[in-house]
Amino acid sequence: METPLELFLNKCRKEHLHAFVESNPHSFAEAIELILNNRKEVAWRAAWFLENCMSPDDQRIAKHVKRFVEILPEREESEQRELMRILFQMNVPEDIEGLLFDQCVSIWTSTHKKSAVRINALKMICKIVKKQPELIGELKMLTQGMYLAKISLPLQNSIKRLLQSTIKS
């Protein structure tokens, strides 16, 4: 039997999100469990739910950051996108940053993946590069033509702006 959160996730509308959380305070923890337990039919929606309900560096998520990074390559593209959006809002501990960087590089260089997933990976890479400027050379290599070929021109322009702001920092 589906829980109230699972029922909500199957037909949710963003404008009802905060009212649902207020009336179901346990739903945040349940969404984390749905993701960690890889409930494929609702996991990406649970990640979307968290990303839209969390605050920056949300302490309810902080203890799960390492696990979110570890499961990233195993998940479907839609869930990867949402997990990266969650992780982007978190202060990822330095001891996990290397793994996150590697996971995001792997996603970014998988040119068969959807652009939205790859762009979120690149945003995370840039966030890490801002903290670790010695990685700028690697970032420049990762944004060569072969990795941009399947990305639309407007997105390529967004990437150029992202790179400029990252390198200036």
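What follows is calculated from the coordinates using simple rules that are stated; it is not laboratory data. Treat the numbers as computed from the prediction; the structure is a model and nothing was measured. Counting neighbours? That spans all protein chains shown, and the Cβs are built from the backbone with ideal geometry, glycine included.
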Could you list M54, M1 so that the one with the fewest beta carbons within 10 Å of its beta carbon is first and the one with the most is last?
M1, M54
Rounded to the nearest 10 degrees, what's the angle between the helix 153-168 long axis and the longest principal axis of the chain, both from Cα atoms, 0 to 90?
80
Give me the angle, in degrees from 0 to 90, between the Cα long axis of helix 77-88 and the longest principal axis of the Cα atoms of the chain, rounded to the nearest 10.
80
For I86, I71, what ranking results if the residue with the fewest other Cβ atoms within 10 Å of its Cβ goes first?
I71, I86
Between Q164 and C12, how many nm apart are label points set 7 Å from Cα along the C-beta direction?
3.6
Can you work out D for segment 1-53 in µm² s⁻¹ from Stokes-Einstein, where Rh is the Kirkwood radius over C-alpha pairs, the temperature is 20 °C and the viscosity is 1.002 mPa s?
199
Quickly estimate the mean residue ellipticity at 222 nm for the chain, helices only: each DSSP H run with n ≥ 4 gives -39500 (n - 2.57), and the total goes over all residues, rounded to 500.
-21000 deg cm²/dmol
Taking neighbour Cβ counts within 10 Å as the exposure measure, how do F28, F88 sort from fewest upward?
F88, F28
Between 0 and 90°, nearest 10: helix 40-53 axis offset from the chain longest Cα axis
80
Figure the gain on full extension for D57 and K40 (residue separation times 0.36 nm, minus the Cα-Cα span) and round it to one decimal in nm.
3.6 nm
Can I get the semi-axes of segment 30-101's equivalent ellipsoid? Compute them from the C-alpha gyration tensor as square roots of 5 times the eigenvalues, in angstrom, largest first.
17, 14, 10
Cβ crowding within 10 Å averaged over residues, with 62-70, 31-39, 161-169 ranked highest first
31-39, 62-70, 161-169
Under 15 Å, Cβ to Cβ, from P133 - net charge with Lys/Arg +1 and Asp/Glu -1:
+1
Could you tell me what fraction of 2.2 N^0.38 Å the Cα radius of gyration of the chain comes to, as a two-decimal ratio?
1.08
In segment 78-118, whose amide N lies under 16 Å from the spot 7 Å out along Cα-to-Cβ of S152? List them in ranges.
114-118
Straight distance only, please: which lysines reach the Cα of K11 with their own Cα at less than 27 Å, same-chain residues fewer than 8 apart left out?
K40, K113, K114
